[in-house]
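Read the structure below first, then the notes.
The values are calculated or read from the model by the stated rules, or taken from the named source; none is laboratory data. Because the structure is a prediction, the values reported are computed rather than measured. All Cβ positions, glycine included, derive from the backbone under ideal geometry; neighbour counts span all protein chains shown. What goes into the accessible areas is simple: the full protein's heavy atoms, side chains included, and nothing from ligands, DNA or RNA. Shrake-Rupley method; radii C 1.70, N 1.55, O 1.52, S 1.80 Å.
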Amino acid sequence: MINKKRAQAADEAFPCGPKILVAGPTDSGKSSLAKMLLGWATKKQYKPMFVDLDPGQNSITIPGTLAATFVEEPVDPVNGIALKAPIAYFFGHTSPSGNPYLYKLLVREIANASISELRKERESEVRSSGVIVNTMGWVQDLGYELLLHTIKSFNVDVVLVLGQEELQKNLLDQFKGIDILYVPKSEGVVTRDKRLRHFTRTSKIKEYFCGVSNNLSPHQHSIKFNDIKIFEFSIPDGNDAIHPVPVMITRELVSSILAVTYARGPHQLLSSIIAGFIYVTNVDLRRCVNSIPSSIWIESL
């Protein structure tokens, strides 16, 4: 069915290929299924856009982000996805509950950006490859509301629901004209506890700075307080709009991950993609200097 939609999309009358979304509860095998879909597509010479909206266990870049990238070859079980000019937005939390308003806005931003990149491709086989979206595992209450928002933002054509028939039924009642298919949970899927999830997130961060095989050598670089500006996004109260709030530089920033953005001012922070990340190792208030690793790895995002 998916390849049939891709064949239809190869016609000039179609702007891009099918938009496929993988949904289901935590530890149902969503990431594994998404990687299988990517593998099947690339073996047929397609080059789909892969979008990972799980800030807790992001498979494209570090935790706390929403990211997208073109995939041209099957996902390597050790090295992961071979990145090619990824699109990444910094959410700053490992769960959408940290700031659901910001999560919604970033989902809309990455949906527009990824589909726009797909439509820009001149090769019809790339445009017709479509988008594969991996979602987070929170599918109840607010999580369900965020899932509906994601489906609408990407204008999804196919939803694959893993391991929860009730979720499929609810989505069938909610949407008409979308193929919503149930996929049984694989018996090989392992349930991960909080400790294992924390270890996985820490490993992903270490991998970013040190490389999969520890083949990168991070070094420290000192930056004066006046040379940087740090912001976080507010959590709206009532009808207030979300906006960037300046962050005071204190010792509390030690061991924090900061995102480096292409934004030229606070007003562009929400819509600007991320250039890379830095890890704060020390804040010297006596010298008014931040000691943080150099941004030498920014291009390796």
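Summary of values
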{"read-out": "Residue 140-residue 200 FRET efficiency (beta carbon distance; Förster radius 35 Å; 0.05 resolution)", "value": "0.95"}
{"read-out": "Gap separating the Cα centres of segment 162-238 and segment 87-157, nearest whole Å", "value": "12 Å"}
{"read-out": "Å² of accessible area per residue within the chain, as computed with a 1.4 Å probe and no ligands counted", "value": "53 Å²"}
{"read-out": "Among the listed pairs 30/204; 44/176; 47/206; 47/152, those beyond 26 Å (Cα-Cα)", "value": "44/176; 47/206"}
{"read-out": "Sites residue 152 and residue 83, calculated FRET efficiency, Cβ-Cβ separation with R0 22 Å, nearest 0.05", "value": "0.20"}
{"read-out": "Qualifying aspartates and glutamates (Cα of each under 19 Å from Cα of residue 185; at least 8 residues distant if same chain)", "value": "27, 54, 165, 166, 193"}
{"read-out": "HN-Hα J in Hz across segment 19-26 - Karplus 6.51, -1.76, 1.60, θ = phi - 60°, x for Gly and Pro", "value": "10, 10, 10, 9, 10, x, x, 4"}
{"read-out": "³J(HN,Hα), Karplus 6.51/-1.76/1.60, whole Hz, each residue of segment 167-184, x for Gly, Pro", "value": "5, 4, 4, 4, 6, 5, 6, 7, 10, 10, x, 10, 6, 10, 10, 8, 10, x"}
{"read-out": "Whole-angstrom Cα spans of segment 64-182 along principal axes, big to small", "value": "38, 33, 29"}
{"read-out": "Solvent-accessible area, 1.4 Å probe, carbon plus sulfur percent, for the chain", "value": "50 percent"}
